[in-house]
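Everything on this sheet refers to the single structure shown next.
Nothing in this text is a laboratory measurement; each read-out follows from the coordinates by a stated rule. A quick note: this is a predicted structure, and the numbers were derived from the prediction, not measured. In this analysis, Cβ positions are derived from the backbone assuming ideal geometry, glycine residues included, and neighbour counts consider all displayed protein chains.
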Amino acid sequence: MTHTSDLAPDLPPDLAPAHEALEEASFLRDTVRAFRRNRMAMVGLAFVVALVVCAVFAPWISPHDPYRVALDEQLLGPSRTYWLGTDNFGRDVLTRILYGARISLVVGIVPSLISLAIGAVMGILSGYLGGRTDFVVMRLADMMIAFPSLLLAMVVMYTLGANLLNIFLALALVGWASVARVVRSQTLALREKEFIEAARANGTSRSRIMFGHIFPNVIPTLIVLFSLSIPEAIMWESSLSFLGVGVQPPEASWGLLVAKGKEYMFQAPTVAIAPGIAILLTVLAFNFIGDGLRDALDPSMKD
Amino acid sequence: MADNILSVRGLTTEFSGGRGDVRVLDDLSFDVGRGRIVGLVGESGSGKSMTALSLMGLVPQPQGRVTARSILLDGTEISRLGPAGMRALRGRDIAMVFQEPMTSLNPVRKVWEQVGEPLAIHHGLGRRAIRARVLEMFEMVGIPDPKTRLDAYPHQLSGGLRQRAMIAMGLICEPKLLIADEPTTALDVTTQAQILRLMRELRDRVGTSIIMITHDLGIIAEMCDEVNVMYAGQIVEQADVFDLFEKPSHPYTRGLLASIPRATEPRAGRRMPSIPGMVPNLAKLPPGCRFSPRCAEAMPICRRPPDLATLDGGHVARCWLHAAPDTRPMGETA
Amino acid sequence: MTASDIVLSVRDVTKHYRVGGGFAGGPAKVVRAVDGVTLDIRARETFALVGESGCGKTTLGRVMLRLQEPTSGQIDYRGTDLTGLDEAAMRALRKRLQIVFQDPYASLNPRMRIGEILAEPLRSHGYGPPADIRDRCAELLEMVGLRKQYLHNYPHQFSGGQRQRIGIARALANNPDFVVCDESVSALDVSIQAQVLNLLADLQDRLKLTYFFITHDLAVVRQFADRVGVMFLGRLVELGTTEELFAQPLHPYTMLLMSAVPRPDPRQRGRDRPMMQGEIPSPMHLPSGCRFHTRCPFAQEICRREDPSLQAIGSRAVACHFPLSG
């Protein structure tokens, strides 16, 4: 590990080459370089990129109209025309999945990011400042966690109306509290570390300590939480959709496709299984990316 | 030298990792006489703790690979034993006391259950018999008020008492050999003095043979009969304790002895003698003598690896300064 | 001695912690980590504070820099009472009051490069434009005997001794004049320990530093310190110059502490030296009278009743009813 061990510290320091560029440390560049060396992470990234492209260009690349009902073609098995068969309305499953990706990806990522951002800030403030801030934030989080989250999300959806923006809001509201708890406990541990004390001894400001010192050290946790929360958000969305307060048919989301498709499990298994596999692959891809990022962000893994 | 409880020949431990194999122990040979205390002293990375793990069969598998020409424990060859054989040996014939009395006891189990565990494993004793035996051991290691301590949980004992309990656990099956790996490093000086005295008394009373692993030459001087000085995975000097302190022969030992601060001598000057540089990375050892880059007495010949050279009276040093003239390669001069 | 000789003076400082309490924990207990310590640190000296774990030496070091708030008492730094300063004024003074920590593995942020670690205190105190900061960082590294290329490396790439040098460089960034060294060489190997002590000595001479050197290691104290304070359960029990104190300790605790140090000389083994029996009482349940009387081989009736205060004996001071005669 120590590739710097060629130094004899008690000898007169040898002089460095005359004008060595003292480049400003670039954490980002290092991270990108380390990430690109991770094969699984790159595969995951490629999958997600491909998925995003498909979702964006769904109207152009999908073979059929996602909303066209053909009652004479219900629940067909996979064929050359319908690669993944048709659903109970005779709609092409592949097309529905491509369109569903648009909603599911956004629903998976955006609320997770929002709840991570809120949770991280709240957790760090609560853990580092302690006292009254800690009390208020944690009681708020307790309330969020104690309240049945599905009910909470449903209340939001009912009162504000079932649209995408409100799904984000509902999911973020449900999600930030657990993030804040994890980040807070990590902050409590970090606060006692000598390097934090050293920063205080140097007169470093509190905000710089919280967001310059503690934040980088909770990033790996945030990444793990992120890769875990994407599938969770997709599932949440499907629950809400299933209960009729989420995405409204005939719009398609993966969760909704699985929920509706499972009724026809025995006649046409692909209707439920294909979007299920799409969820599975996406979640795996995000997990690979998450692992890769976590390692890439760890300075001791960069050698 | 017939009466050795442990006789190690050619102990070598290697780790395979992402960047090839690293040899952390290189051809170690030493003996532990019956009822003797033998020291292994060295700095971090010297391999002293790895020696203990290798003898105990506790080197992580499969990355680690331990080989030896021979390891005789009380006359029995143990270097060819498999994992099951080593398991049967551990706690019964060889026991170990670790550095951290805090973390080497399970916090949720009562002390007597843990201290008595080797008896349950190796002798299948019942709870009542174990409890009685643990009580005896607690008395032997000088735990005050032993009856009430039996049912204590580890956090209810001070560091010193915990380490006494660990020693009791180590000795409960009357092992042939006790390996103590920095047993007092985590303790305060006054507690350390008590634990060291206890170990010395146990040796005198019960005749326990002990391998004492430490970085502290003070502890070596207080405790040991013989000493092995380790550097970068090798034994560089081996001697009777009095010889070692009177006539340190390897430049590393001399440097180490010079650089330890002494509480008994007034300050000599503003600067203390020190060894320049630092312990080499085992993956990138210098060619030849591993100490030569830091050695004030390095010579051209030190680019070749020196063998252990015998001085007088069993005193051995791995240094070209002491190599007999005929063992030196032709044409090289000191 | 004139007042200007004194860099920092601690006046009757206490630091008490509450432990436990709350709904189910029963009544809260008070730990008196530091319990009335008065001390003057003179300019450019190395003052060593020795004691065993739990004696309050680390807490006192933190309180002196107001990294922890004292429960009561005064801390005067060159005529300014630190306990009365608001946060901004205290932050500004941190340039002059620094600390080097014990654990070279925990005291450097693992996610920052050495360059960033050294630049931070400079930025916090408005050192100057980025180019000046970069030059200063390189200068600091060379000052502690490391190459300036290491500015780009991360802490894990260094050995313990090198990291401790980096920690020293960070403490020296803004030219402090008072540095607390909290067990700063205790985690290092012997051969590296001597190197770092020599570095600290050189820097002290060059930069006119005053060290407050906290340690449990009496041997290091004898070889490095000018004056020594011995702490026991939150109190200073003995104070004196290093040579006086080691030549003839006045407090029985100091004597027992000194005799417990293993000596690197096998010819001295076996000599029957006094040894402390049993364990040190917990700072939560302090004994009555002299805190040391339960372990003291010389304790008398008065020691059980009366708590001795620190009394001057010539140039030294001791808190004992029956100081060992010199």
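Data table
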quantity	calculated
In order through region B:204-211: 3J(HN,Hα) via Karplus (6.51 cos²θ - 1.76 cosθ + 1.60), integer Hz, x for Gly, Pro	5, 7, 9, x, 5, 8, 10, 9
At q = 0.18, 0.23 Å⁻¹, base-10 log of I(q)/I(0) for region C:98-173 (Debye sum, equal scatterers on each alpha carbon)	-0.61, -1.02
Cα gyration tensor shape for region B:87-133, rounded if a/c is under 1.5, else prolate or oblate	oblate
Ordering of A:112-118, B:107-113, B:162-168 by packing [mean C-beta count within 10 Å, highest first]	B:162-168, A:112-118, B:107-113
Cα extents of region A:177-264 along the three principal axes, largest first (Å)	65, 18, 15
For region B:171-233: rounded, prolate or oblate by the Cα gyration tensor [a/c cutoff 1.5]	oblate
Cα coordinate range in region A:227-303, projected on the principal axes (Å, largest first)	53, 27, 14
For chain C, average projected area of the Cα convex hull in nm²	19.8
Placed amide H near C:VAL237: partners under 5 Å, 5+ positions off or other chain	C:VAL230, C:MET231, C:PHE232
Long-range HN-HN contacts of B:ASP74 with modeled amide H, under 5 Å	B:LEU6, B:SER7
Alpha-carbon Rg/Rh ratio, for region C:172-302, with Rh computed the Kirkwood way	1.01
Value of Rg to Rh for chain B (Rh from inverse mean 1/r over Cα pairs, i.e. Kirkwood)	0.99
Radius of gyration and Dmax over the Cα atoms of the protein assembly as shown, both given in Å	33.3, 111
Beta bridges by DSSP in the protein assembly as shown, antiparallel share as percent, to the nearest 5	60
Region B:1-88 shape via C-alpha gyration tensor axes, a/c threshold 1.5	oblate
Where N is the number of residues in chain A, Cα Rg divided by 2.2 N^0.38 Å	1.26
Globularity index of region A:150-300, i.e. its alpha-carbon radius of gyration over 2.2 N^0.38 Å	1.37
Cross-link pairs A:LYS193/C:LYS57; B:LYS48/B:LYS110; C:LYS57/C:LYS208; A:LYS193/B:LYS48 - those with Cα-Cα distance over 22 Å	B:LYS48/B:LYS110; C:LYS57/C:LYS208; A:LYS193/B:LYS48
